[in-house]
């Protein structure tokens, strides 16, 4: 599997996409954190190792105003398995609205081509269904299973339950002078009162920004603001995206998570079990011929 970028100031070996050894220690992390380390003015996303967050939607929520993300094509509304079960409709694959003016011509054409596949009757699964890292900001769109968050003074670790895809956010340090592109890029963060602010650069161009397969370039720059609302029952993430290579303008989006409690993360695998059983021309499992950095 490909590896994630690690800030050089941390002086540690790069973690793999699957961080099972670190996850095994999650339960031991929380007791070691003192009250001084967990400043009361900072958000506490996981007071125990059995608090997780489940994304409310597999596509971004549009901002109240201004340029926003690619959304569902109104002419071809997405019918999820859950909607199909309630309504008796046949489930569909997502079809993106290519009329969104944020898209540069080549990016619009890429989404259009994927739309053709989604509407053709062929399988148009998301890349995460084939064990591909979703990158940033699409990490926010991992569905169904919780994301668990570990906070320490020097690092915030976010891990999706489904196949243990993880983001490492290094706190109160600058970006590297020469960032090497990788799946989740280089994320540095800081707290602004009750909000965790995360700045990410250094992303490779092998991921998409959403589940419509909206592409981006290595110039992608993402800023995310994580804040608990509704008395801690909801985690809201405000997203700001800039990439002059793929988009005509910076744009904003929102994601929200619901809080879940009482279930620790179980070990799971993805790549070892992913097979193209039905000959649907699915993408191969990602493999790295050389390290990312």
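No lab work stands behind these numbers, since they all come straight from the coordinates. All values derive from a computational prediction rather than experimental measurement. Because the Cβ atoms are built from the backbone with ideal geometry, glycine has one as well, and the counts that use them run over all protein chains shown.
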Taking a ≥ b ≥ c as the square roots of the Cα gyration tensor eigenvalues, with a/c under 1.5 meaning rounded and otherwise prolate when a/b beats b/c, else oblate, which class fits the range 44-261? oblate
By count of other Cβ within 10 Å, fewest leading, how are 225, 86 ordered? 86, 225
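Neighbouring Cβ atoms within 10 Å as the yardstick, rank 80, 41, 187 fewest first. Please list the in-between numbers first.
Numbers: 80 16, 41 8, 187 27.
Least crowded to most crowded, the residues run 41, 80, 187.
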FRET efficiency, residue 190 to residue 109 (Cβ-Cβ, R0 30 Å, nearest 0.05): 0.20
Mind sorting 191, 170 by how few other Cβ atoms lie within 10 Å of their own Cβ, fewest first? 191, 170
